[in-house]
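Below: one structure, written as structure tokens.
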Amino acid sequence: MHAHIRPQPGILDIALYQGGTSKIAGRDDVVKLSSNENPFGPGDMARQAYARAGHDLHRYPSTDHASLRAALGAHFGLDAGRIICGAGSDEIISFLCQAYAGPGDEVLYSQHGFLMYRISAMAAGATPVAAPEQERTADVDALLAAANKRTKLVFIANPNNPTGTMIPMEEVARLADGLPAQALLVLDGAYAEYAAGYDGGAALVDQRDNVVMTRTFSKLFGLGGLRVGWGYGPQHVIDVLNRLRGPFNLSSMQLDVAEAALGDAAHINRSLTENARMRTWLAAKLNAIGLATDASYGNFVLARFRDAAQADACNSALLADGLIVRQVGSYGLPEALRITIGDESACRRVAHVIAAFM
Ligand code: PMP
């Protein structure tokens, strides 16, 4: 191995991150509820842009993503000059780790935080550090206590994956203000659109110079397979990340389809309304069956079982019925199952199988 190759995360981590297959041999009624995808898929405008995007494939794509950034800026009310686009928010998370954390540095996140923080920190040669949580919600005091002079990045997802919980903005601001000067706070807003009234932390980004926000087209916009995400931050951070970004990190297809998706208000509204309706419905059903659920602001619910064995057995019962949900032992929650909010028929099937199992 060449000395300059940094240690890579274990293949097991990556396999766990990839989620379930959408196929179970011999069945045609399988529903995948394991990766928090939009059950309605992409909207019509994105589908049409995808069909059109086959033209001019011999041309290299835009290097500055100006059109998509302008559309994002207009849609979310942000300064387009401080937006960076990447292959999923995963790529933005990876750029942040590559740019700001290396050997000897620490990357901090909370105990049940998204797996990519650890994977990207390790890939950058930095040390991942998980701070303890309270009641499964990121605990600002614990994060502040764990931060030190080696801490370069602090990640929190709001709403959090896999719990669905939110840290109030006053707490997030307290975290931003209490961190050591060299540490950047990253607000991962992969599920931000689902939390009514939440701006993903954009206002805080504008008020501080140590806060960055990451967002994605993979969830609400139904484009997980397209791989488009973006970041918004202070100019000095965006300039650094742009130096790491390859000039053609997004294809013309990715750029065109993502931009079209932003303009599809009908699809966005339908996805939000149905998610809120079925999230309330499913949580109430699970609670009535005797399962606790964390208060979710995302497009999934976390159902808590008595113990890991019960969660495991329920997962098998769901699989036997063609329903793929996510076991979250890799997040340190072996007694829970994370269930993406599907369409109404999928939610009814899930509730039915779990009720019969209990
Ligand atoms: N952050 C969180 C909290 C997520 O759950 C996910 C997707 N599972 C991502 C980031 C990455 O999403 P993507 O790379 O598809 O934008």
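Can you name the number of the only condition in (1) crowded, with 24+ Cβ neighbours inside 10 Å; (2) within 13 Å of the ligand (Cβ to nearest atom); (3) not in a loop (DSSP other than H, G, I, E, B) that E193 fails?
Status for E193: all satisfied but (1).
Can you find a residue in the stretch 1-13 that is within 15 Å of the ligand (Cβ to nearest atom) and at pLDDT below 95?
The first filter runs over the stretch 1-13 and keeps only residues within 15 Å of the ligand (Cβ to nearest atom), leaving 13.
Subset that is at pLDDT below 95: 13.
Yes: one or more hits.
Quick check, is A276 modelled with pLDDT of 95 or more, crowded, with 23+ Cβ neighbours inside 10 Å and out of contact with any Lys or Arg (no Cβ under 9 Å at 6 or more places or on another chain)? Working first, answer last.
On the way: modelled with pLDDT of 95 or more: yes; crowded, with 23+ Cβ neighbours inside 10 Å: no; out of contact with any Lys or Arg (no Cβ under 9 Å at 6 or more places or on another chain): yes.
Criteria not met by A276.
For the stretch 196-209, give me each residue that is assigned to a loop (DSSP other than H, G, I, E, B), small (G, A, S) and either more than 18 Å from A71 (Cα to Cα) or within 11 Å of the ligand (Cβ to nearest atom) (or both).
Step one: of the stretch 196-209, the residues assigned to a loop (DSSP other than H, G, I, E, B) are 196-201, 208-209.
Applying the additional criterion that residues be small (G, A, S) yields 196-197, 200-201.
Of everything in the stretch 196-209, those that are assigned to a loop (DSSP other than H, G, I, E, B), small (G, A, S) and either more than 18 Å from A71 (Cα to Cα) or within 11 Å of the ligand (Cβ to nearest atom) (or both) turn out to be A196, G197, G201.
If I go through the stretch 33-59 residue by residue, how many of them are touching a Ser or Thr at 6+ places or on another chain (Cβ under 8 Å) and more than 30 Å from A351 (Cβ to Cβ)?
4
Determine if the stretch 316-324 includes at least one residue that is surrounded by 15 or more Cβ atoms within 10 Å (Cβ to Cβ), under 19 Å from V31 (Cα atoms) and in contact with a Pro (Cβ under 6 Å, 6 or more places away or on another chain).
no
Can you name the residue in the stretch 163-183 that is within 16 Å of the ligand (Cβ to nearest atom) and closer than 17 Å to T214 by Cβ and, of all such residues, is nearest to the chain's Cα centre (by Cα)?
Initial filter on the stretch 163-183 (within 16 Å of the ligand (Cβ to nearest atom)): 163-167, 172.
Next, from what is left, pick out any that are closer than 17 Å to T214 by Cβ: 166-167, 172.
Numbers: M166: 13, I167: 15, V172: 18 Å.
The qualifying residue nearest to the chain's Cα centre (by Cα) is M166.
Let me confirm something: among V186, V212, which residue is outside any loop (DSSP other than H, G, I, E, B), more than 12 Å from the ligand (Cβ to nearest atom) and in contact with a strand residue (DSSP E or B) (Cβ under 8 Å, 6 or more places away or on another chain)? Step through it out loud before you land on a result.
Values: V186 fails: more than 12 Å from the ligand (Cβ to nearest atom).
None of the others qualify; the one that does is V212.
Taking interchain pairs and intrachain pairs at least six residues apart, which have beta carbon atoms under 9 angstrom, with the first residue in the stretch 323-351 and closer than 28 Å to E133 by Cα and assigned to a helix (DSSP H, G or I) and the second modelled with pLDDT of 95 or more and hydrophobic (A, V, I, L, M, F, W, C)?
Final answer for the pair search is G329/A308; G329/A311; G329/A336.
Scan the stretch 262-269 and give yes if some residue there is of a type in the set (G, A, S) and under 16 Å from V353 (Cβ atoms), otherwise no.
First pass over the stretch 262-269, keeping only residues of a type in the set (G, A, S): 263, 265-266.
Right, trim to under 16 Å from V353 (Cβ atoms) and you get none.
No.
Residues that are in contact with a Leu (Cβ under 8 Å, 6 or more places away or on another chain) and within 16 Å of the ligand (Cβ to nearest atom): list the helices (runs of 4 or more DSSP H) wholly contained in the stretch 218-296 that include at least 3 such residues.
Result: 252-262.
Against the condition in contact with a Cys (Cβ under 9 Å, 6 or more places away or on another chain) and of a type in the set (A, V, I, L, M), how does L68 come out, does it pass? Before the answer, list the steps.
Working: in contact with a Cys (Cβ under 9 Å, 6 or more places away or on another chain): yes; of a type in the set (A, V, I, L, M): yes.
Against the criterion (in contact with a Cys (Cβ under 9 Å, 6 or more places away or on another chain) and of a type in the set (A, V, I, L, M)), L68 qualifies.
Can you pull out every residue in the stretch 86-118 that is over 19 Å from D139 (Cα atoms) and within 11 Å of the ligand (Cβ to nearest atom)? If you could, list the steps in order and put the result at the bottom.
The first filter runs over the stretch 86-118 and keeps only residues over 19 Å from D139 (Cα atoms), leaving 86-105, 116.
Scanning the stretch 86-118 gives G86, A87, G88, S89, D90, E91, I92, I93, S94, M116.
Here are D239, D294: which of them is acidic (D, E) and at pLDDT 95 or above?
Details: D294 fails: at pLDDT 95 or above.
Within the list D239, D294, the selection yields D239.
When you go through G81, G88 one by one, which is the residue that is surrounded by fewer than 19 Cβ atoms within 10 Å (Cβ to Cβ), modelled with pLDDT of 95 or more and closer than 22 Å to V205 by Cα?
Details: G88 fails: surrounded by fewer than 19 Cβ atoms within 10 Å (Cβ to Cβ).
Of G81, G88, the one residue that is surrounded by fewer than 19 Cβ atoms within 10 Å (Cβ to Cβ), modelled with pLDDT of 95 or more and closer than 22 Å to V205 by Cα is G81.
Considering each residue of the stretch 196-226, count those that are closer than 16 Å to V257 by Cβ and surrounded by fewer than 20 Cβ atoms within 10 Å (Cβ to Cβ), and give that number.
2
The values are calculated or read from the model by the stated rules, or taken from the named source; none is laboratory data. Please read all numbers here as calculations on a predicted model, not as lab measurements. Neighbour counts run over all protein chains shown; Cβ positions are idealised from the backbone, glycine included.
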